Amino acid sequence: MSTLIFRTIAPYLSALMVLFSVFVLLRGHNEPGGGFIGGLIAASALAIYGIAYGVDVVRRALWVDPNALAGFGLFMAAVDGLSAILAGKPLLTGLWFVPVIFGVEIPLSTVLVFDVGVYFVVVGSLASIALALEESD
Amino acid sequence: MPHRLLPVLLALFIPSLAVAAPSGGEVDRSVAMFEGATGLIPWLVVLPILMPLIGAGLSLTVRSRSSVQHRIAFVALLFGAIAALALFLQVSANGPLTMVAGNWLPPFGIVMAVDPFGALLVLVTALVGLAGLAYARGDVDEAGTHFGFYTFYCLLIAGVTGAFSTGDIFNLYVWFEVFLVSSFGLIVLGGRRVQLDGAVKYGVLNLIATTIFLIAVGVLYGFTGTLNMADIHLVVAELDGAPIVTVGAMFVMAFAMKAAAIPLHFWLPASYHTPKVIVSALFAGLLTKVGIYSLMRVMIMLFADQGSMFIPIIGWLGVITAIFGAVGALAQVDLKRMAAFLVVSGVGVMLIGLGYGTEAGLTGAIVYAVHSILAMTAIFLVLGYAQRLSGVTHLTTGTNLYAVHGLAATLFLVFGFAAAGLPPFSGFWPKLMLVEAGYQTGDVFGIAGIVGIILSGLFTTIAIGRAWVLVYLRPPQEDGVPDPEPTLEPGASTRPFALALVALAALIVAMGLFPSTVIDAARSGAQGLLDPAAYLERVLKVE
Amino acid sequence: MSLQPDLMLWLALAPFVAALFAPALVRRIGSSAGWVLAIVPAALFLMFVTMVPQIAAGDTVSYGVDWAPSFAVRYSHLIDGLSLTFALLVTGIGTFIVIYAGGYLSGHHQQGRFLAFLLLFMGAMLGLVIADDLVSMFVFYELTSITSFLLIGFDHTRAPARRAALQALVVTGSGGLALLAGFILIRVVSGETSVSELFASPDVLRDAALYPAIFVLVILGAFTKSAQVPFHSWLPNAMEAPTPVSAYLHSATMVKAGVFVLMRFSPVLGDTALWETVLPLFGGATFLTGVLLGVRQTDLKQILAYTTVASLGLLVMLTGVGTEYALAGAVLYLVAHALFKGALFMVAGAIDHETGTRDITILGGLLKSMPITFVAAILGCLSMAGLPPMIGFIAKEVLYDGVWEAGGVSAVTVTALVGNALMFALAAAVLIPFFAKPGELPKKPHEAPPSLWLGPIVLGVLALVGAFMIEGTAHSLISPMTSAIAGEAVELHLHLWPTGLYPPVILTMITIALGIVFFIFFKTLRLLMVDLLETVGWGPDVGFDQLMRGLVKGSHALTKRLQSGAMQQYVTLTFVILAAVLLLPIAVDGLPDFRFVGEVDQPFDLVILGLAVAGLWVVIISKSRLVAIVSLGVQGVMVALIFMLYGAPDLSFTQFMVETLSVVILALVMTRLDLKTVDHRLPADAMKDGVIALACGLGFALVLYNTVQQPFDDRLSQFFLKHAYEIAHGRNVVNVILVDYRALDTLGEISVVMAAGLAILALIRMGPRLKSAVVGPPADRADATRVGAEPSAATIAAERPS
C-alpha cells in the first residue's frame, strides 16, 4: 500500500479531509452533514494517514489519545445537555445565542456544542479502532 | 450489527422532503414546546443517568491517569445515588415524575418518566453500583483500569438506569444498547481464553435479542406512529388485535432473552463465570432485571389487554425457568456457575409473578427484582472474596473459611439463604407474596407457579447448603487435593471487599427485617402498571 | 399481666441481642460468659412465671405491632396455656444449657460463636412458640431450622457432622417450604392472618374444600421437624452436634416445634377423620421405630436420640387421638420429656466430658466417681421409665387413660404398651455406666464441675417436685395447655398415686413387667436388631444419600442437555423460536390480504432491488467467507442508494460509511481469527439452517408487509418538519432530529460508539491469544467435562460417615 505516490499525497489528502469534516460538521444543521458524518470523515482521514506513515506518526500528530478524545466528546455532550438547567429548561433543550459580529450573524447554540461532542466521539472511537488494527498487523 | 439497522429506522421519521423551510409569519412556540420554566425537581429524573454518563466520559478523558479514574467514577455514582434517593422519595410521595428532553411537547419529544416501579429500581441500581465500585477498588488491576473498566462501569449503570427511567420505547432500545456494549466491554477485559469464549456467546446472543427488539420497535412505530410509551398505550388499545400480536410476540421474545428465561437463557450460564467477579456480580444483579422490567412495562402497561394472551405464556416459561435454573445450580461444581444458574432460577420466579398478571403477583415480582439485584450481586462478590482468601473456586475443595475467616463465611451464608428465600433476609418476602398471589388466582397455573417457586427454593437451599458444607466448613487437605493458592496479594487490604459486602448485607438484612418500604413502593408500582392513569396524565398533560 | 405488651414484644427478642454480644463477651471473660449470658433466659423465665396465674385462670393474651402492613403481617404474641408452657421450657431449660455450654466448651476457640448460635436459636424458638401471626410464626420456625443447621455443623472438621448438618437442612428445609405453602393457604382460605383470629372462627378450615391440602402441607412441615418416620433419620445424625445442642435443640425444644405446630393447630385442623387417622398412624410407627432402633445403639447419646424420636412419635400419636386425657397425657409427657431428656443428655455429656467416651459397653463404675451426676441420672431415668414418684409416671398413667378411653384394647393401646416397655428397658440401660464393671476408659473419671451437673440436677428435682405438687402443676400448667390444644376449657384432676385398680394401672404394671424382661434380654435384643438391620440393609438414612446423589446426577444430566456449550445449538434454537414467534400468529390469523400498496416511481428502483437481491444471493452461494462479507455490503450500499434517491443524503452517507466500516471490521476480524475460509457444514445441516433462515425471513417479510398495509400515522414526521426551522433553527431535519428532537437518543448512541471503540481496543490489545479463544473448548463446557468424572456425586458420597 505504501507506494511513493500514496505517501506523497496522503498528508494533503488527510489534511483536506479533516478540514472538510469540520466544514461538514458546522454546516450540518442546515445542509446535509453534522457531527456523525464529520466524525466519520475525519476518522477516515486519520486512518489513511496512519496507513501511509505508520501509527506512531498519527499518534504524535494527534497529541491526545483518541479514546480520551472520545471520552471528552461524551463528557462535553452530556454537560451540554445539563447546561439547560441554567436557563430553567429541561435536559438537552437547544439554547441559541446569535451575536452579530461585524455585521455577520453567528449562530451559536448548545445544539452545536452537542454536535461537536458527537464529532469528537466518532473521530476518537473510530480512529482508535483503525489505529489499533493497523498497529497490530 | 444493529447499527446497520439504525439509519433504516431513522428513515421512518423522515418526511418525504427532508429540508424544512421557513413558513414566514410569527413563530408560535407554544404549539411545540412548553412555555414555563422547569424547576429543579424534574431534573431528579435524569440526574441518575446523566451523572454516570458524565463520569464515563470524564474517566475516559483522563485515561492516562489510572489513579484518578476510580475517584471520578465514585463521585459520579455518588451524586447519581443521591439523586436516585431523592427521586425515590419524591416519586413515592407525589407519584410519577417526568422530564421531556429538549422541551418538546409529548408525544413528540423523548419523555423520561419515572413511576414508583422505575424509581425503586433506579435507587437499588444506584446503591448496588456504589457498593460494587467499592469492591472494584480491590478487584480491578492497572490494565483493567487502563482499558476502561471505570468507563464501562459508569456506562453500564447509566444504561440500566436509563432503561428504568425512560418513557420512550426507542429510547429504551438505546439504553439497552448502552448497557449491552458496555457490558461487552467489561466482559472482554482480561483477555483470557474462557473469557473470550463467554464474551462471544454473550455478545452474539444478546445482539440477536437486541436486534429483534429494534425491529419490533420499528414495526410498532409503523402501526402506531408514536414512540412515547403513554401514547402507545392509548393507540394500541384502539388497534385491531391481529397484526399487533406478532409485534407483541417479538417483544416478549426479545425481553425474555434479555431476562434469560429458559429456553432462551444460554448466554447467561455461558458467560457469567468468566469475567472478573465484580463484572459478573454487576451483570447478575442488573442485566436480567432490565429484561424483566421491560417485559412488565411493555406487556403489562403498554399492551395492556392486547398483551393478555402472552401473560400466561410468560408465566409458564417462568415455572420452567425457576425449576430448571435451580436444578442447573445443583448440577454445578464451579461455584460461580452455580450462582449463575441461581440468577436464572430467580428470573423464573419473577416471570411467575408476571404470569399471574394480578396486582399481588406483580408486586411480588417487583419486590423479588429488588431482592434479586441485591442478593445476586452480593453472592458473586462474596464468592470472589472467598476465592481471593482461599483460592477455591469449586465444590471439590474445602477451604475451612468457617474457622479462619468468619466474615466471608457468614456473608456467604447470609447471601445464600437470602437467595433461597429463607427468613430473615430479603428473598423471604417476595417468595411469600408470590405464593399467596398464586393461591389467589385459583387456577392451575397458580398452583404450577407455587410449585415452581417452592421447588426453586428447595433446590437453591440444597445447593447453598452443599456449598457451605463442602467449601466453607470442610478443611482443605481432607481429600488430598493440593491447597489452592489464595490470589490475594500478601499485605493487600481486604477492606474494599469487606466494605462492599457488609454494605450489601446490611441492605439485604434491612429488607428482610423492614420490608414495608420496598413492598409499598412495589405495590404502587404494580398498580401503576395495571392502571397507568396517573402515569398517562403526568406524561401527556404535563404541568 | 405484669408487663406492658409492647415491652414484652421487644423483651422476647433479647436472646438475639445477647447473641450479638456473646463472642465479644467470651473474648473478654472466657468461659464464665456462660453464667453471665444465662441471665437473659433466666430473666425471661421469671417474666413468664409471673404470667402463670393469669393464664391458669383461663385468660389468653394477644398483642402485637404491624410488621409489613401492606402484606397484612404483624409481629404479635399469643400467650395461652400452650405457648406459656413452651416458653417456660425454652427459657428455663435454656438457662441451664447456656451455663452448661459455658463449662462444656470451656477453652474451645469458637465458644463465643457457639454461645451466639445457641442464643440465636433460643430467640427463634421463643419467638415461634409465642407467635400469633402466621407469617411471623413461620419466620421463627425457619430460624430454628437455620440455627440447628449451624449448630449441627459446629464441629466442622468432622465429615459426619457436615453430612448431618446438610441432611438436617434438607429435611427440615423442605418441610419448612411445605409449611410455608400451608400457612399461606390458610391465610388465603380463611382470610385470617393469625392463630387467635383462626380460633375465633374454628370451623373455617375444617369446612373448606381445600382442607386436605392444608392438612397435608402442615403435617409435612411438622413431621419433618419432629422427625417422624420416614423423615426421622436426621435427628440421630444430628447428635454430631456438641452435647448442649443435643440436650436443648434435639430433645427438649426444637424438635418439638413440629409437635407444637400440630398442637397449635389442633383446635382448627383437628377432630377430623384425616387427623385422627394419619397422626396416630405415623406417630405410632415412629414411636416403635424409635425404641427398636434405640435398642440397637451402644452410644449413650444415640440411645437418647432414638428414644427422643420415639417420644416425638408418642406425642404425635396422642395429639392425633385427641381425647381430653390423651391430650393431657401428651402435655404431661411433653413436659416430663423435656425435663428428663434435657437432664439425661447433659448427664451423657458430662460422662463424655469426664471419661472421654459414651460407649455403654465400656463405661462402668461411675457411681463412685461421679455421685452427683448419678443423682441427676437416676432422677431422669426414673421419669423416663415412667416410674413413681416422677412426673413421667403421671404422664404415662394419664396417657394410658387417654388411649383406653379412646378405644380400649386398640392398636394404639398396644403400641403404647410395647413402646413404653422398651422405653423402660432403655432407661435402665442408660444407668449401666454407673453400675457395670468399667472397661478401658480414655480418661480417669472424676466428678464434673458444677456448671455441668447443676442443670441436670435442677431439672431432675423439678420432675420430682412437679409430681409431688401435681395438683398445682395441673392447675397452673397442664390444664391450661390441654385446654389450648383441645380448643375448649379443660380442668384436669390428677394424682401422683393411683386411687384404684382401673385399666391404666394394670397397663402400667404390664409395662413395668415387660420392661424388666426386655432389660434382662437387652443384649440379645440388641444383637437381634443388629442382625435384622443388617439383613434389611436399607433405611431412610441410606435413602437420603441416594436421593442426594440422584438429584445431583440427574440435574447434571439434565443441565448438560440444557446448556451443552455448543454455540451453534444455542443460535439454532434461538432462530427456531424466532421463526415460530413470527409465523405462529400469522398462521393463526391467516395471511394478510395481498394488495400491491405502492407503485414504482422510478424504474431505477427495480435495478437497485435487483442488485441487492443479487448481493444476498452471492452471500448464500459463496464458498468463501470473505466474499460473503463483501456481498453482504452490497445489499447495504443499495439501501444507502435508496435513501439518497428519496431525499435523505445524510442518512445515505451514514449508511454507506457504516456499511463500509462493517465490511472492513468484519473482514479484519475474520482474517485475524484465522477462521476456516470455507463453509464446512454437511449438506443436511446447511439445508436445515437454510430452512430456518427462510422461515425467519418469510416471517419478517410478512410482518413488514402487514405494517406497510396499515395507514401510517405520520404526526411525528409532520411535527419534526414543521418546527425544525422556526423553533429548532435548522433546515436539515435529519440533523435536527439527531441533535435536538431526539438528542437524548444520540447521547446514548455516542456513548455506545465510545464504548464500542474502547471494547474493540481492549479486545485487540488484551487478547493476543484471540486465535486460541475460538479454537479451544468452549468455556461453559469446560466445567461439564470436569463433572464427567463425577466429583459432584463423589463429594457428597465422601461426606457419608464410613
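Some observations on this one:
Results for (1) closer than 26 Å to C:Leu738 by Cβ; (2) at the interface with chain C (Cβ under 9 Å from one of its Cβ atoms); (3) crowded, with 24+ Cβ neighbours inside 10 Å, shown as yes or no for each residue.
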residue	(1), (2), (3)
B:Thr161	yes, no, yes
B:Gly167	yes, no, yes
B:Asn171	yes, yes, yes
B:Val178	yes, yes, yes
B:Ser182	yes, yes, yes
B:Val188	no, yes, yes
B:Gly198	no, yes, yes
B:Gly203	no, no, no
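- Residue count for the range C:117-145 satisfying the condition of being over 21 Å from B:Met433 (Cβ atoms) and either open to solvent by 10 Å² or more (accessible area, probe 1.4 Å) or among the aromatic types (Phe, Trp, Tyr) (or both): 3.
- Pair list, Cβ < 6 Å and 6+ apart or interchain, from the range B:200-226 residues that are on the phi > 0 side of the Ramachandran plot to residues that are acidic (Asp, Glu) and in a helix (DSSP H, G or I): none
- Check on B:Leu105, farther than 30 Å from C:Phe700 by Cβ and either facing chain C (nearest Cβ under 9 Å) or of a type outside the set (Gly, Ala, Ser) (or both): yes
- Filter result for B:Pro42 (open to solvent by less than 40 Å² (accessible area, probe 1.4 Å), modelled with pLDDT of 90 or more and touching a strand residue (DSSP E or B) at 6+ places or on another chain (Cβ under 6 Å)): yes
- Hey, A:Val79 in contact (Cβ under 8 Å) with a residue 40 or more places away in the chain and either of a type in the set (A, V, I, L, M, F, W, C) or facing another protein chain (nearest Cβ under 7 Å) (or both) or not: no
- Any chance B:Ala136 is under 24 Å from B:Leu50 (Cβ atoms), more than 8 Å from chain C (Cβ to nearest Cβ) and either part of a helix (DSSP H, G or I) or among the acidic types (Asp, Glu) (or both): yes
- Matching entry among B:Thr321, B:Thr274, B:Thr288 (being in contact (Cβ under 8 Å) with a residue 24 or more places away in the chain, within 12 Å of chain C (Cβ to nearest Cβ), part of a helix (DSSP H, G or I) and polar (S, T, N, Q)): B:Thr321
- Total residues in the range C:154-185 satisfying the condition of being more than 10 Å from chain B (Cβ to nearest Cβ) and either open to solvent by 10 Å² or more (accessible area, probe 1.4 Å) or in a loop (DSSP other than H, G, I, E, B) (or both): the figure is 2.
- Pair list, Cβ under 6 Å, 6 or more apart: the range B:172-187 residue farther than 10 Å from B:Val160 by Cβ, other residue not in a helix (DSSP H, G or I) and not acidic (Asp, Glu): B:Leu172/B:Thr166; B:Ile187/B:Pro275
- Test result for C:Leu315, part of a helix (DSSP H, G or I), outside the structural domain of C:Thr415 (by TED's automatic domain parsing) and within 18 Å of C:Gly81 (Cα to Cα): yes
- Check on C:Val188, of a type in the set (A, V, I, L, M, F, W, C), open to solvent by 10 Å² or more (accessible area, probe 1.4 Å) and either farther than 19 Å from B:Phe428 by Cα or not in a helix (DSSP H, G or I) (or both): no
- The range C:686-714, residues that are within 7 Å of another protein chain (Cβ to nearest Cβ) and more than 57 Å from the chain's Cα centre (by Cα): C:Asp714
Residue by residue, here is whether (1) open to solvent by less than 60 Å² (accessible area, probe 1.4 Å); (2) of a type outside the set (Gly, Ala, Ser); (3) modelled with pLDDT of 95 or more; (4) closer than 30 Å to C:Gly107 by Cα holds:
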{"residue": "C:Gln4", "(1), (2), (3), (4)": "no, yes, no, no"}
{"residue": "C:Arg27", "(1), (2), (3), (4)": "no, yes, no, yes"}
{"residue": "C:Gly30", "(1), (2), (3), (4)": "yes, no, no, yes"}
{"residue": "C:Gly34", "(1), (2), (3), (4)": "yes, no, no, yes"}
{"residue": "C:Val40", "(1), (2), (3), (4)": "yes, yes, yes, yes"}
{"residue": "C:Val61", "(1), (2), (3), (4)": "yes, yes, no, no"}
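- Selection from the range B:60-79 of residues that are open to solvent by less than 20 Å² (accessible area, probe 1.4 Å) and facing chain A (nearest Cβ under 7 Å): B:Leu60, B:Arg63
- Taken over the range B:217-254, the criterion of being under 18 Å from B:Ala113 (Cα atoms) and not in a helix (DSSP H, G or I) is satisfied by B:Thr226, B:Leu227, B:Asn228.
- Some residue of the range C:554-565 being more than 30 Å from the chain's Cα centre (by Cα), in contact (Cβ under 8 Å) with a residue 60 or more places away in the chain, open to solvent by 40 Å² or more (accessible area, probe 1.4 Å) and closer than 28 Å to B:Met250 by Cα: no
- Filter pass, B:Leu239 being among the hydrophobic types (A, V, I, L, M, F, W, C), more than 26 Å from the chain's Cα centre (by Cα), within 10 Å of another protein chain (Cβ to nearest Cβ) and more than 22 Å from B:Asp334 (Cα to Cα): yes
- Considering residues of the range C:716-769 that are farther than 25 Å from B:Gly203 by Cα and of a type in the set (Ser, Thr, Tyr) only, the residue farthest from the other protein chains (Cβ to nearest Cβ): C:Tyr741
The values are calculated or read from the model by the stated rules, or taken from the named source; none is laboratory data. Note that this is a predicted model, so its numbers are computed, not measured. A quick note on method: Cβ atoms are made from the backbone with ideal geometry, for glycine too, and the neighbour counts reach across all protein chains shown. To get the accessible areas, we keep the full protein, side chains included, count just its heavy atoms, and leave off ligands, DNA and RNA. Shrake-Rupley method; radii C 1.70, N 1.55, O 1.52, S 1.80 Å.
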